[in-house]
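The next block holds one structure in the form of structure tokens; read it before the comments.
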DNA sequence: TATATCTCCTGCGGGC
DNA sequence: TGCCCGCAGGAGATAT
């Protein structure tokens with residue numbers, strides 16, 4: 001499940017292989033991949049042809065390639081992958097877009113594929129604002145890896161709301177990049193139950209929690225991200241190894257590595273939350 | 001405005 | 001073997 005570390009791994013891979021390359025042709029398959037590109041596939045392909053990719057940037061789980069004043073925004077959703085391929089190789093299953101590049105005598109020929117099994121991901125070619133952020137990403141808050149991320153300002157906002165802390169961690173307009181896995185891991189490290197209302201936390205406690213989130217995602221980045229199956233891989237199709245280091249997520253019934261109490265799984269927002277019943281006491285009353 | 005829930009989607013695994 | 005169902009979950013849309 002691509003959260004911030006997984007998207008950053010992909011961004012680095014893409015940057016290493018396609019920066020400076022000129023897009024020769026773009027082919028998309030099916031309407032869904034461009035559902036956020038209102039002008040449609042012909043416009044998408046026409047406007048990308050001949051453009052040179054000059055930067056690969058990221059905010060939270062959004063990744064974009066800078067082409068002139070515009071940005072090719074990529075969101076991986078649940079199962080999106082950007083994969084490097086040898087030109088002429090057979091199309092992989094669930095291929096939604098193919099980018100080919102003009103010949104470069106100094107570099108190996110390569111294609112870039114956007115593959116997505118569950119089709120929650122998508123592409124769009126959009127304008128950027130004065131700060132260089134693509135317009136559809138402008139509402140996304142800074143992530144904990146951003147040099148201008150302000151933990152105290154985020155904490156101030158979180159403690160001003162009644163909503164549960166995990167719900168707020170997952171709200172990309174409050175803090176971006178954190179998904180279900182790293183939210184559970186950060187909450188476990190901070191010994192906080194995800195349903196604790198923000199207003200019942202202190203600002204220092206939230207700052208510590210955000211620091212745990214940054215730390216756990218840094219650790220995950222060092223191991224290439226978290227892979228449970230083939231749905232998350234880097235641009236070369238390789239899995240990350242952080243799933244072996246998870247303390248809470250996916251460990252239902254296994255002993256907490258701090259106190260030995262079996263990890264519990266609870267339903268939350270149509271998904272699952274994992275926590276230690278002993279270390280992370282459920283709040284007395286919730287709304 | 002704040003908060004909560006629904007919907008999209010496909011492949012896998014378990015139960016029968 | 002084949003069918004059905006639940007599950008995984010990011011984010012925008014919709015409801016309260």
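Laboratory data are not the source of any read-out in this text; all were calculated from the coordinates shown. Quick caveat: nothing in here was measured; it's all calculated off a predicted structure. Reconstructed Cβ throughout: ideal geometry from the backbone, glycine too, with neighbour counts over all protein chains shown.
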- Note on the structure: Here the averaged projected area of segment A:192-272, based on the convex hull of its alpha-carbon atoms and given in nm², is 6.9
- Using 0.36 nm per residue of separation minus the Cα-Cα distance, give me the extension gain between residue A:271 and residue A:156 in nm, one decimal. 38.7 nm
- Query: So how do A:241, A:274 line up by other beta-carbon neighbours within 10 Å, fewest first?
  - Reply: A:241, A:274
- Between A:245, A:275, A:79, find the one with the highest GNM mean-square fluctuation for chain A; connect C-alpha pairs within less than 10 Å. A:245
- Item | Contact order relative to length of chain A, as percent, for alpha carbon pairs under 8 angstrom and 6 or more apart | 18
- Assuming R0 = 25 Å, what is the FRET efficiency of residue A:93 and residue A:35, from their Cβ-Cβ distance, to the nearest 0.05? 0.75
- Message: Starting from the 7 Å offset along Cα-to-Cβ, what nm value, one decimal, do you get for the label separation of residue A:19 and residue A:245?
- Response: 2.4
- Going by a ≥ b ≥ c, the root eigenvalues of the Cα gyration tensor, does segment A:46-159 fall in the rounded group (a/c under 1.5), the prolate group (a/b larger than b/c) or the oblate group? prolate
- Message: I want to make sure I understand the PRE zone here: with the label point 7 angstrom from the Cα of residue A:202 toward its beta carbon, which residues in segment A:153-180 have backbone N atoms less than 19 Å away?
- Response: A:153-161, A:165
- Message: Please state the shape class of segment A:102-209: rounded when a/c is under 1.5, otherwise prolate if a/b exceeds b/c and oblate if not, all from the C-alpha gyration tensor.
- Response: prolate
- Query: So how do A:206, A:67 line up by other beta-carbon neighbours within 10 Å, fewest first?
  - Reply: A:67, A:206
- Task: Just need the relative contact order of segment A:1-150 here, percent rounded to a whole number, with Cα pairs under 8 Å and 6+ apart.
- Result: 27
- Item | Least to most buried among A:55, A:8 (fewest other Cβ within 10 Å first) | A:55, A:8
- So what is the relative contact order of segment A:86-235, in percent, for Cα pairs below 8 Å that sit 6 or more residues apart? 17
- Quantify how much of the Cα-Cα distance distribution of chain A extends past 23 Å, in percent. 56
- Note on the structure: By the C-alpha gyration tensor axes a ≥ b ≥ c (rounded if a/c is under 1.5, else prolate when a/b exceeds b/c, else oblate), the shape of segment A:238-282 is oblate
- Kindly express, to the nearest 10 degrees and within the range 0 to 90, the angle between helix A:180-190's C-alpha long axis and the longest C-alpha principal axis of chain A. 40
